[in-house]
Every structure is written in structure tokens, then in C-alpha cells.
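Everything on this sheet refers to the single structure shown next.
What follows draws every value from the coordinates through simple rules; no lab data is involved. Predicted model only: the values in this text are computed from it and were never measured. All Cβ positions, glycine included, derive from the backbone under ideal geometry; neighbour counts span all protein chains shown.
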Amino acid sequence: MAKEEFCGIGRRKKSIARVYLAEGTGKFQVNGKGIDEYLKRKNLIIMVNQPFAATGTEGHYDIRANVNGGGLTGQAGAIRLGIARAILLDEGSHRKVLKENGFLTRDSRIKERKKYGQPGARKKFQFSKR
């Protein structure tokens, strides 16, 4: 019989992460690579593991994440939200802790669009009186 998997979907900026948690030893794979190999920066790895630290479930799950779009920071934020949602599906009693730490809130900030008659979203062309 196959192990039960819990799926959580996280989004941040242009990144979308599908995270699958299964009971295990703490093996972490992102797009088929190890987490250290994929994310590279220590602060991003710490950010991704925050939901486990808050709930005290480090090493309880094998994590498999598929991420696409955006940059590494956006992808790490999407993975963190996906992990928090998947933990919630497995153990509903962790909701209070995850919500207090802000792991269940989707960060809605996105890039502002470029406006016509301007070179960027907010920048204006140089003004000349004559």
C-alpha cells in the first residue's frame, strides 16, 4: 500500500509550488534536486523550513516540491506556503501556530504594471519646460 501524501499549493509573485508531504525521514527534493543544490542560499533554506520549526515536525516528512516561474526568493516563498498548507491537511491542530506566524497568508505583492507614456511603472520621462 502506498504512503498517504498531502498536497499543498503555494504561490508567491510569479512562482507556483506544488508540495507533497509524506511520512518519512526528512528527505527534501525540489524539482528532482536536493534542497541545498536547488536553493543554494542558506537564508532561503531556513525560510522554507520555518513551518516545520514552528510546529516541531522537523524530520517527520519526506518533501517533494515542483516549482516553476519567478526567481529563487519567490520560489522559496511559494514552497513555504505549500508546506504550511500541506501540514495543515495532515494535522489540523497546527493551524493556530501556523496562522500566528503568518505561514498561511499568501503574500499578495506583485510587480506593478508599466503605464503608457512612461518608461516604467512609476518612472517618468525627463521634463523640459522648453
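Computed over the chain with a Gaussian network model linking Cα atoms closer than 10 Å, the most mobile of Ile16, Ile46, Ile83 is Ile46. Check the straight Cα-Cα distances from Lys124 and name the aspartates and glutamates below 19 Å, setting aside those fewer than 8 residues away within the same chain. List returned: Glu112.
Compared with the direct C-alpha span, the chain from Thr105 to Lys3 gains 33.9 nm at full extension, assuming 0.36 nm per residue. Extension gain for Glu112-Phe125 works out to 2.9 nm (0.36 nm per residue, less the C-alpha to C-alpha distance). Estimated purely from DSSP H runs of n ≥ 4, each contributing -39500 (n - 2.57), the mean residue ellipticity at 222 nm for the chain is -10000 deg cm²/dmol once divided by its residues. Distance between the C-alpha centres of segment 12-44 and segment 53-130: 14 Å, rounded to the whole angstrom. Taking a sphere under 13 Å around the Cβ of Gly24 and counting the other residues whose Cβ falls inside, with K and R at +1 and D and E at -1, yields a net charge of -3. When Rg and the Kirkwood Rh are both derived from Cα coordinates, the Rg/Rh ratio for segment 12-55 amounts to 0.94. Residue exposure proxy: Leu89, Leu39, ordered by other Cβ atoms within 10 angstrom of their Cβ from fewest to most, comes out as Leu89, Leu39. Taking other C-beta atoms within 10 angstrom as a stand-in for reagent exposure, Val97, Val67 fall in the order Val97, Val67, fewest first. Listed by chain and number, the lysines whose alpha-carbon sits under 22 Å from that of Lys99, ignoring those within fewer than 8 places in the same chain, are Lys13. Residues Lys111, Lys13 in ascending order of nearby Cβ atoms (within 10 Å, fewest first): Lys111, Lys13.
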